[in-house]
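Reviewing the structure listed below.
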């Protein structure tokens, strides 16, 4: 069985298959779906085995119901999927963006009744429409007809960026009637500079203060700035090495690639957790104190710098 990744995410149904292949051409989407599936199994009290090997004798741990999800990074002779005997207690998740290898394993998966292939590609117009409808329902926001179709036509076709843009839209206000309001917070070319402010993080504090104040002049600007950082940090958190992080990094930001690599190499799991906590706190504070977006945002930016360079 095959399913579009956005369909899986939109419906939020429990995953009933014992063998799951996540594949496609959109690597940031693949990473997003992988984390979603792992969390789904964690919520069902599965132990997650990240060793890259299938061990049929393993039976969870003291804190689970003796159930294990094995994460295999690729299809190989060492882990022949057609030889893996899964059950409701032993499930396998294979993540592969390698076209040649994924084609081979796809052929095997399509013949299995207990397997599903989750395909991660850029959204087409219909997929964006369906994803937007589900997002509206789940987040209790209202869009006029004109704004709805503007979002479908103008927002990014990369799922992760699309959701980030919708998050920004919902932060702006819960009811949006005018296309001009949606345009203010769109990651369009004239707003790209807001996302670039983050890449001055290694400069001195005086420069950061001036750069932030010059570019972030409204709460909608701040929301774009914050969501761009969310996106960059997400790329770092799901990337295994420098090659992987550069493949996921937006092509239009080629001039910032070296700085982004430097940020990537400075961060570790502990620092990422601190950054995520800071993002959550400032998001909540600005939502409650909109008029203080500049002060709160600048303090947040300087804290992020402190975490990265520490």
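The numbers here are math on the coordinates, done by the rules we state, and not lab data. Remember, predicted model here, so these are calculated numbers, not experimental data. As a convention, Cβ positions derive from the backbone with ideal geometry for all residues, glycine included, and neighbour counts pool all protein chains shown.
Miscellaneous remarks
- Taking the DSSP bridge list for the chain and keeping only pairs wholly inside it, about 5 percent are antiparallel.
- Here the calculated FRET efficiency for residue 140 and residue 214, from their Cβ-Cβ distance with R0 = 30 Å, stands at 0.30, rounded to the nearest 0.05.
- Neighbour counting of Cβ atoms within 10 Å sorts the residues 285, 21, fewest neighbours leading, into 285, 21.
- Helix 205-215 and the long axis of the chain differ in direction by around 80°, with both axes built from C-alpha atoms.
- Degrees separating the helix 27-42 axis from the principal Cα axis of the chain, which is the longest one: 60 degrees
- Distance between the pseudo-spin-label points of residue 303 and residue 246 (7 Å out from Cα toward the beta carbon): 3.3 nm.
- Each distinct pair of alpha carbons in region 178-310 adds a 1/r term; the inverse of their mean, the Kirkwood radius, is 15.3 Å.
- Calculated FRET efficiency for the pair residue 281/residue 258, C-beta based, R₀ 25 Å, to 0.05: 0.25
- Rounded to 10°, Cα long-axis angle of helix 293-309 versus longest principal axis of the chain: 50 degrees
- Three-way shape label, region 203-266, alpha-carbon gyration tensor, a/c 1.5: prolate
- Using C-alpha pairs below 8 Å separated by at least 6 residues, the relative contact order for the chain is 16 percent.
- Segment residue 175-residue 51, length gained on full extension (0.36 nm per residue, minus Cα span): 40.0 nm
- For region 139-251, the square roots a ≥ b ≥ c of the C-alpha gyration tensor eigenvalues yield an a/c of 1.5 or more together with a/b not exceeding b/c, which makes the shape oblate.
- Computed over region 125-309: relative contact order in percent, which uses C-alpha pairs under 8 Å that are six or more apart: 20 percent
- Calculated mean residue ellipticity at 222 nm for the chain: -17000 deg cm²/dmol, from DSSP H runs with n ≥ 4 weighted as -39500 (n - 2.57), summed, divided by the residue count and rounded to 500.
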